[in-house]
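> Have a look at this one before I ask anything.
None of the figures in this text is laboratory data; all of them are computed from the coordinates on show. What you see is a predicted model, and the numbers here were worked out from it, not measured in a lab. Heads up, the Cβs are rebuilt from the backbone with ideal geometry, glycines too, and the neighbour counts pull from every protein chain shown.
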Amino acid sequence: MTKRFSVLAVSAAVAGGIFLTSVPAHAAVPADRGEATVKAAVTCDKNRMRQQIATLRTKAAKLKQLGETSAARKALNDAAALQNKLDACIKAEEDTSKPFPG
């Protein structure tokens, strides 16, 4: 009885594994729909981001003149983070405009 139960459990696990690995192949997204989704997800207002970066850098310069070095450093870090985000956004837009990124 124990051997039958273990054989049934193993065969159910194997059948479940086959089922789980075959589902993603059937649920594949067509290439044209997937590409449209990627392009729609990559949107950023580059001019607004550049303006925010310039404002943060100006604020940091004023704070540094006033002797608030920690606040100036925070403003510069925020500007650098925003610059990295802008660079990533620009790179993503360039990659999605190519048919085969690479």
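> Could you give the nm distance between label points at D87 and L66, where each point is 7 Å from its Cα heading toward the beta carbon?
Going from the D87 label point to the L66 one covers 2.9 nm.
> Let me ask something else about it. What ranking do 62-71, 48-57 get when scored by the average of other Cβ atoms within 10 Å per residue, highest first?
The most tightly packed comes first, giving 48-57, 62-71.
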